[in-house]
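Asker: Below: one structure in structure tokens.
The values are calculated or read from the model by the stated rules, or taken from the named source; none is laboratory data. Owing to the predicted nature of the structure, the values given are computational and were not obtained by experimental measurement. Heads up, the Cβs are rebuilt from the backbone with ideal geometry, glycines too, and the neighbour counts pull from every protein chain shown. Side chains included, ligands, DNA and RNA excluded: accessible areas come from the protein's heavy atoms. Shrake-Rupley method; radii C 1.70, N 1.55, O 1.52, S 1.80 Å.
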Amino acid sequence: MRNHIVKHLMTGAGILTLLGLATGCSDTTTAPVEHSVALVEISPTVDTVLVGSTIQLSITLTCHHGDTLDRAVAWTTSNPAIALVSSTGLVTGVSRGTAVITAASEGKVGNAGVLIIAPVDGVSIEPAVVILDIGETAQLAAALRDPEGNVLNRPIVWGSVDRTIVDVDENGLITAVAAGTTSITAISEGKTGTAAVTVRVPVATVDVTPGTAALSVGFTLQLTAIPKDAAGTPLDRLVTWTTSDATLATVDAAGLVSALATGSVTITATSQGKAGTAILTLRVPVATVTVSDPGTEPVAPGGTLQLTATARDLAGTILADRTFNWSSSDNGVATVSNDGLVTGVARGTATITAMVEGKSGSASVRVAGEVSTVGNNLSYPVVFTEGIGLTGLAVTTDPGVRPTAEENILVDALPFWYAGNVADYGAYYLQQGVNTWQAEWLDGSAGGIQQAEVAWGDNLTGVQFNTHQNIRIEVVLNDLGGRQLSGFNMTALYGTGETEMQGTDGTTAPFTPTLYSVMPRLILEKLDDATRQPVYTAFDGAIYEAFGGDGPGSFTAEVNVAGKLIYGYNLMIQNLTLPGDLHKYGWWRATFVLDDNGQVGGTPVARNTALASLIAGTGGKTYPPQLDQAANRTWVDFDVKSASGGGH
């Protein structure tokens, strides 16, 4: 602007001269003559310029009378690496440093000093994240740095994105106004730094849980504290814990209390000046726990028995102010409520335990056998065979319907035991439905190798199956004289209309009994539809191993009213998963094998070693059985249609 004014004035003087009017620096003779420059002045004489920025210098030329002149001016810089100057006095900052700018006209010079400084390259605010409660303040500080990271001292303009949440003054002091989040900005030379500010509602109350409790010396109790606002909304705030008497109880930073001595103590949780408390009664610890005697009478299924627990301290004093945790060792036998009420579920023995403060007492409760509503079920452990006692142990004496002395076990300790009052038969295994049966051993004299025949059930050899039905596989063993091997004399204790009697699954038996001295095994194989050769084995296992299983099939044994022993397997083909591209429909093979040796309850037992002949009974049947006498096996191939009608 100043240079512009100078040029304007100088131009005006020239116009006066042309008009012939005298000026202070002109000759007043016939032709005006301009005088020479006497003084060169630059404005400003000292200034600061950012690197990459410019500043316009102005110049004033005067004669010796002080009047301004319009003359040619030459501009120069003392250090072009620091600052450049144009022919019009426009200075450009090049790099940090100082330079002298010179203007010369008619031998006269004027000088101006310029300081070239680095620009602000970045602005940061500390702290960058601030959390305040309504009404609180915080001082922010802005750091300015040049491109080289040097700290700069430049003017800063502070601002708030939302002053309804947070206000800020010219020095960076922020004030929380209302709950919410916003940003604070600091701006210098076009560069901006930000800080995130969250304003929270203040804590009004602190709830401590539990508010009161009893704690035994030597034990710990976890307290929880929840700060809340005035509306009762839980807040996420820092909580500090203190104890009123550290000789009685301590508390850690997480609110875990440790009882040291008897007495009463107050635990305090504080958050933002608000506090909540818990009052604890510190008491003597439990030393022993006893459970009342359940007696000798068993609990019936569905029946109940009330047990009580007593806690005592080291001096033997009863501690009445204790709550016990009750549990049963086997909920399948008996359950127990929180107050010690035992309920019988099924035949067996369960240990009922009461626990408090790490101390426990227990009692053994027996549950009598279940009264079955299916009267044609035969209790499993009654069925015993050649050389095998009631417990599954190999014996040499006739066990009858009770364990022998060799088995060394009390009758009432066996599964399904029931002490009945039938005079003619004495104690027997409980079946009190419409039809009640008891089995006795038919013939325990046979020993060594026996020969047997096998017959397949009609339902397998004469029925067309599909993939959505269960396939029942049955085989019956006979000796060469046609008598059923390991048959049983069945006695009806009471009831009429008997049709069948089945062995139970035996899952509750603590031993592994067997129904027949031969080790029977079943193999189920998927056949190739074209070659009728096995391509996948779906099941291969001994009967006693799969007894009572609940997998794809369950291989069990049943005894009918004539005492005939039948082995059966339920093939749930729809539940099988076959590998690769095998399909469930098509041809299958069921093979029944008599293995040479095996074990019962860990005791080796001799098995039959020959299969002499086959009672096929297949006149007009769909699937005739086949016999491999040398391998002690017989099999049946049967076709399974798909449920949708496709396939075979």
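Asker: Would you pull out the residues with amide H under 5 Å of HIS468's amide H, same chain only if 5 or more places away, H placed 1.01 Å from N?
Answerer: Placed amide hydrogens put ALA643 under 5 Å from HIS468.
Asker: Something else now. Taking amide H positions as placed in the peptide plane 1.01 Å from N, state which residues far from LEU173 in sequence (5 or more) or on other chains have amide H under 5 Å from it.
Answerer: Answer set, sorted by chain and number: LEU140.
Asker: Right, here's the next one. So how strong a dipole does region 227-371 carry about its Cα centre when Lys and Arg Cβ are +1 and Asp and Glu Cβ are -1, to the nearest 20 debye?
Answerer: Roughly 160 debye for region 227-371.
Asker: Report, to the nearest whole %, how much of the accessible area of region 150-215 belongs to carbon and sulfur atoms, 1.4 Å probe, protein only.
Answerer: Here carbon and sulfur together make up 55 percent of the probe-accessible area.
Asker: Leaving ligands, DNA and RNA out of it, work out the accessible area of ARG472 with a 1.4 Å probe and give it in Å² to the nearest 10.
Answerer: 50
Asker: Could you order peptides 319-326, 633-640, 171-178 by the average number of other Cβ atoms within 10 Å of their residues, highest first?
Answerer: 633-640, 171-178, 319-326
Asker: In what order, largest first, do LEU144, LEU235 sit by accessible area if the probe radius is 1.4 Å?
Answerer: LEU235, LEU144
Asker: Still on this structure, please answer the following. Enumerate the amide H contacts of ALA38 below 5 Å, restricted to partners 5 or more residues apart or on another chain; note that Pro and chain-start residues carry no placed amide H.
Answerer: Placed amide hydrogens put THR62, CYS63, HIS64 under 5 Å from ALA38.
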